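The values are calculated or read from the model by the stated rules, or taken from the named source; none is laboratory data. Because the structure is predicted, anything quoted here is derived from the model rather than measured. In this analysis, Cβ positions are derived from the backbone assuming ideal geometry, glycine residues included, and neighbour counts consider all displayed protein chains. The accessibility values were calculated without ligands, DNA or RNA, using every heavy atom of the protein model including side chains. Shrake-Rupley method; radii C 1.70, N 1.55, O 1.52, S 1.80 Å.
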Amino acid sequence: EKTYTLQLAKRVRNQLAARGAHVIMTRTGNQTVSLGARPEMATDNHADAFISFHYDSSPTNNLGSGFTTYYYHADTSLKLAQAINRHLVGLPLSNKGIDVGNFEVIRDNLRPALLLEMGYINTAKDFKAIKDPAYQNQIAKDITNGLSAYFQDK
């Protein structure tokens with residue numbers, strides 16, 4: 001998972017930077033950053049938005065499929081979740097929508113924060129997409145467009 005999430009995060013960073021955004025990565029290589037340190041980093045840097053990339057897995061191989069946009073704090077993060085999810089279109093995996101997720105990196109985050117599960121790493125169909133640079137590039141484009149729409153509406 002860490003290999004593909006980092007690839008995706010770097011693609012998103014590059015798309016955002018090309019539009020003039022200042023992007024802070026929680027990691028840029030094969031280092032470990034504790035869950036608690038991630039929201040602290042967002043708070044300390046007064047981040048306008050925090051997005052944590054993940055790939056889901058199901059208890060049984062080839063059981064789960066699709067991607068989900070999670071938020072925790074409705075007052076600060078629901079509009080961000082809606083903007084991003086609305087722009088995740090044309091992907092080869094099904095959009096499972098927006099849901100509340102009790103994940104430390106978004107629950108303990110004082111900034112608008114999302115956790116994106118962009119496919120099931122233990123499902124053959126999803127994994128084929130996950131490792132495809134075209135899929136990662138499309139997600140990066142969609143997230144960049146979603147963030148742009150979010151900040152225009154703010």
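Things to note:
- Sites residue 32 and residue 78 - FRET efficiency at Förster radius 22 Å, r taken between beta-carbons, to 0.05: 0.15
- Spin-label pair residue 7-residue 43: with each label point 7 Å from Cα along the Cα-Cβ axis, the two points sit 3.4 nm from one another.
- Remark on the range 46-113: hydrodynamic radius 12.9 angstrom, per the Kirkwood mean of 1/r across alpha carbon pairs.
- For the range 65-154, a Kirkwood hydrodynamic radius built from all Cα pairs, placed in the Stokes-Einstein relation at 20 °C and 1.002 mPa s, yields a translational diffusion coefficient of 160 µm²/s.
- Distance violations [Cα-Cα > 19 Å] among 96/154; 10/96; 2/128: 96/154; 10/96
- Between 33, 12, 23, the residue with the greatest mean-square fluctuation in the GNM of the chain (Cα pairs under 10 Å linked by springs) is 33.
- Taking only protein heavy atoms and a 1.4 Å probe, the accessible area of the chain is 49% carbon and sulfur.
- Heavy-atom surface of the chain, accessible at 1.4 Å and reported per residue (Å²): 52
- Net +/- balance of residues flanking residue 15 in space, Cβ distance below 12 Å, scoring K and R +1, D and E -1: +4
- Residue with peak Gaussian network fluctuation, the chain [Cα springs, cutoff 10 Å], from 39, 133, 59: 59
- Distance histogram for the range 1-136 (every C-alpha pair counted, 5 angstrom bins, percent rounded to whole numbers): 2, 11, 18, 23, 23, 16, 6, 1, 0
- Mean-square fluctuations from a GNM of the chain, with a 10 angstrom spring cutoff on Cα atoms, peak among 69, 28, 123 at 28.
- Restricting the calculation to alpha carbons of the range 15-83 gives Rg and Dmax of 14.7, 42 angstrom.
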